[in-house]
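Read the structure below first, then the notes.
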Amino acid sequence: MGRNELTMQRRTIVIIGGGVAGSMLAVQLTRLPGGPWPLDVLLVETRPHLGPGTAYSNNRPEWLLNVRSGGMSAFPDEPDHFVDWLQQHGIDNCPNGFCPRQTYGRYLSSLVEDTLAQPAANGVRVQWLNTRAVAAEPAAHGCALHVILADGRRVAADTVVLALGNFPPPMPVQPADSYRQHPHFHANPWAPEALSSIRPDESVLLVGTGLTALDTLVALHKQRHRAPILAVSRHGHWPAPHASKPVVPYPNYYADKLAGLRTVTEVLRAVRRQVALGVTEGFDWRAVLDAPRPDFGRIWAAWPREEQQRFLRHLATRWSTLRHRNPPANAAILTELLDSGQLQVHHGCVQQIEPRGEQLAVELRHRTQHSWLVADHVVLCTGPLMDYQHINDPLVTSLRNGGLLVPDALRLGIRTNAAGALLNQDGQASECLYTLGSALRPLWFESTAVPELRRQAADLAATLAQRFTSSNGQLPSALRFVS
Ligand SMILES: Cc1cc2nc3c(=O)[nH]c(=O)nc-3n(C[C@H](O)[C@H](O)[C@H](O)COP(=O)(O)OP(=O)(O)OC[C@H]3O[C@@H](n4cnc5c(N)ncnc54)[C@H](O)[C@@H]3O)c2cc1C
């Protein structure tokens with residue numbers, strides 16, 4: 001080969017997890033302007049479909065998105081993309097603008113499956129490895145990793161992105177051996193067919209009163225459940241309902257009122273004042289609360305560690321019930337169940353869970369009072385496990401043991417820099433291991449819903465492209481001059 005002749009060295013990015021975050025990252029890589037990018041993207045996903053992940057893989061049309069379809073585009077720069085897709089496909093099954101989550105799963109699948117069909121115009125090739133990644137370890141030379149798959153294959157990657165998403169809820173009482181395997185203990189309400197074994201005449205106890213508990217209520221209602229339902233949580237707050245019609249947006253007041261506030265109390269005071277003002281001006285409180293949404297992450301990041309801890313201790317649960325709201329159709333079911341007395345809410349912390357023959361008994365502590373509740377089924381609705389110190393998935397364990405993944409001090413996710421590169425114990429950023437999605441909660445706190453994930457996917461695609469680009473911004477660094 002002659003001097004100064006160019007060869008393009010193909011690069012490989014392995015994305016582990018093909019839910020919303022991983023799939024949208026792959027799609028964004030295929031949309032990068034410029035190129036040709038000599039890049040293989042391998043998406044490792046164990047489910048039978050790419051795209052829907054935990055939240056949007058289900059066969060329950062009654063489980064609705066908790067955001068109107070106008071807020072659910074997969075692309076930050078094309079806000080109507082999902083609404084247009086619904087129209088193009090003649091889909092009209094979204095009561096009051098809230099579509100079934102399975103419909104949204106189909107939308108996501110269609111986007112990522114399009115990328116599998118053929119290499120993108122920019123040269124990026126996406127392939128799906130329908131298996132589980134069980135470990136990752138540094139290659140012998142340079143910045144690269146080997147990903148080990150459950151089927152025994154080893155894949156060499158220049159860059160690995162963890163898009164692992166939501167892990168099932170942690171057991172509320174340890175050790176869990178005595179109750180975990182009980183056939184009427186439902187540890188993962190999102191598992192396919194999880195709730196269908198519950199008969200209408202069997203009593204049910206829900207641990208938690210958040211969005212997952214509401215999903216369970218909606219599913220039981222659909223199954224024409226007749227027996228009592230008990231719900232237990234420390235505070236007993238349910239997610240606030242969405243307004244029955246889309247609300248008029250309120251102007252973002254972050255720059256004027258919130259920027260630079262360094263304590264939770266100051267922010268709380270300022271937001272309360274603004275909500276009161278907005279309501280007197282005729283705005284819905286929800287619009288005022290949501291107005292600084294693009295800057296929520298900056299507010300969180302500006303707080304010192306002690307303030308973040310204070311927020312987690314005193315406000316995070318309340319915040320979540322006001323911020324992550326409930327479609328009106330679900331709110332109506334909740335009201336019906338509460339008003340009829342079929343659903344009873346008990347305040348307290350779960351202390352013990354004991355099998356009693358076919359049933360389960362749950363001990364609750366509320367202040368100094370202890371009480372026992374007995375039900376035919378117990379459903380764990382406490383939300384995903386976020387503490388990477390306690391996630392015992394083989395891949396996470398391998399990365400943690402290898403010192404490549406470090407849980408953050410507040411146990412919200414993974415230690416990373418602002419671009420999502422994993423930090424080691426010494427705080428050094430990896431050049432080949434990144435994450436996005438809920439693992440980034442330590443940085444931004446709000447890092448799970450689609451509006452955050454679509455932005456992160458676009459930003460990370462740009463970051464990775466830059467890594468593969470020489471300093472003059474023109475040529476991929478993978479271009480090698482061969483003598
Ligand atoms: C029940 C529920 C409802 C929600 N509803 C809404 C909503 O209405 N609107 C909204 O904006 N947000 C909603 N959310 C927030 C939601 O978390 C995100 O929208 C989104 O689902 C998160 O996507 P993700 O890709 O980060 O994670 P996930 O969807 O959890 O995807 C991660 C994927 O990684 C795969 N995986 C993990 N480990 C491995 C491995 N080692 N090898 C191979 N594959 C692996 C898993 O199989 C999974 O498919 C909801 C969340 C839940 C849990």
Quiz item: Just from the alpha-carbon atoms, what are the Rg and Dmax of the chain in angstroms?
Solution: 23.8, 84
Quiz item: In segment 254-323, with Lys and Arg counted as +1 and Asp and Glu as -1 at Cβ, which of these residues, Thr265, Ile299, Ala287, has the Cα nearest the positive end of the dipole, that is, farthest along it?
Solution: Thr265
Quiz item: What is the distance, in nm, between label points placed 7 Å from the Cα along the Cα-to-Cβ direction at Arg31 and at Gln428?
Solution: 3.6 nm
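Relative contact order for the chain: what percent, with Cα pairs under 8 Å and sequence separation of 6 or more?
21 percent
Extension gain Gln223-Ser371, at 0.36 nm per residue separation less the Cα-Cα distance, in nm?
50.3 nm
At 222 nm, what value in deg cm²/dmol follows for the chain if DSSP H runs of at least 4 each add -39500 (n - 2.57) and the sum is divided by all its residues, to the nearest 500? If you can, show how the numbers build up before the last one.
Numbers: 15 runs with 147 residues, N = 483.
Value at 222 nm, helices only, nearest 500: -9000 deg cm²/dmol.
Given Cβ point charges of +1 (Lys, Arg) and -1 (Asp, Glu) and nothing else, what value in debye, to the nearest 20, does the dipole of segment 254-323 about its Cα centre take? Present the calculation step by step, with values, prior to reporting the outcome.
On the way: 13 positive and 8 negative charges, 53 e Å.
Using only the charged Cβ atoms, the result is roughly 260 debye.
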Quiz prompt | In Hz, Karplus ³J(HN,Hα) per residue of segment 45-62 (6.51, -1.76, 1.60; θ = phi - 60°; x = Gly, Pro) | solution = 8, 7, 6, x, 9, 8, x, x, x, 5, 6, 10, 9, 6, 10, 10, x, 6
Exercise. Taking the Cα centre of the chain as origin, work out the dipole magnitude from +1 charges on Lys and Arg Cβ and -1 charges on Asp and Glu Cβ, in debye rounded to 20.
Key: 640 debye
Quiz item: How large is ³J(HN,Hα), in whole Hz, for each residue of segment 192-205 in order, when computed from phi with the Karplus curve 6.51 cos²θ - 1.76 cosθ + 1.60 and θ = phi - 60°, using x for Gly and Pro?
Solution: x, 6, 4, 9, 6, 7, 7, 7, x, 9, 9, 6, 9, 10
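With N set to the residue count of segment 371-412, report its C-alpha Rg divided by 2.2 N^0.38 Å to two decimal places.
Numbers: Rg = 15.5 Å, N = 42, 2.2 N^0.38 = 9.1 Å.
Ratio of Rg to 2.2 N^0.38 Å for segment 371-412: 1.70.
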Practice problem: Determine, for each peptide in 131-140, 34-43, the mean count of other beta carbons within 10 angstrom over its residues, then list the peptides with the highest first. | Solution: 34-43, 131-140
Exercise. Determine the distance separating the Cα centre of segment 25-97 from the Cα centre of segment 163-234; give it in Å without decimals.
Key: 27 Å
Quiz item: In segment 262-280, which residues have a backbone nitrogen under 11 Å from the label point lying 7 Å from Leu410's Cα in the Cα-to-Cβ direction?
Solution: 264
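Sorting check: for 245-258, 221-234, which peptide has the highest mean count of neighbouring beta carbons within 10 Å, and how do the rest follow? Spell out each step's value before the answer.
Values: 245-258: 14.6, 221-234: 18.0.
Averaged packing, sorted descending, gives the order 221-234, 245-258.
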Exercise. Note the angle between two axes, namely the Cα long axis of helix 101-117 and the longest principal axis of the Cα atoms of the chain, as a number of degrees from 0 to 90, rounded to the nearest 10.
Key: 10 degrees
Quiz item: Between Ala139 and Glu113, 0.36 nm times their residue separation minus their Cα-Cα distance comes to what?
Solution: 6.3 nm
Exercise. Tell me the label-point distance for the pair Ala191, His347, using the 7 Å Cα-to-Cβ offset, in nm and rounded to one decimal.
Key: 3.4 nm
Exercise. Using only the Cα atoms of segment 270-400, build the gyration tensor, take square roots of its eigenvalues as a ≥ b ≥ c, and label the shape rounded, prolate or oblate: rounded if a/c is under 1.5, else prolate if a/b is larger than b/c, else oblate.
Key: oblate
Quiz item: Could you state the per residue volume, in Å³, of the convex hull enclosing the Cα atoms of segment 254-298?
Solution: 65 Å³
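Any read-out appearing in this document is the output of simple, stated calculations on the displayed coordinates, not a laboratory observation. All figures in this text were calculated on a predicted structure; none of them were measured in a lab. Every residue, glycine among them, receives a Cβ derived from its backbone with ideal geometry; neighbour counts consider all protein chains shown.
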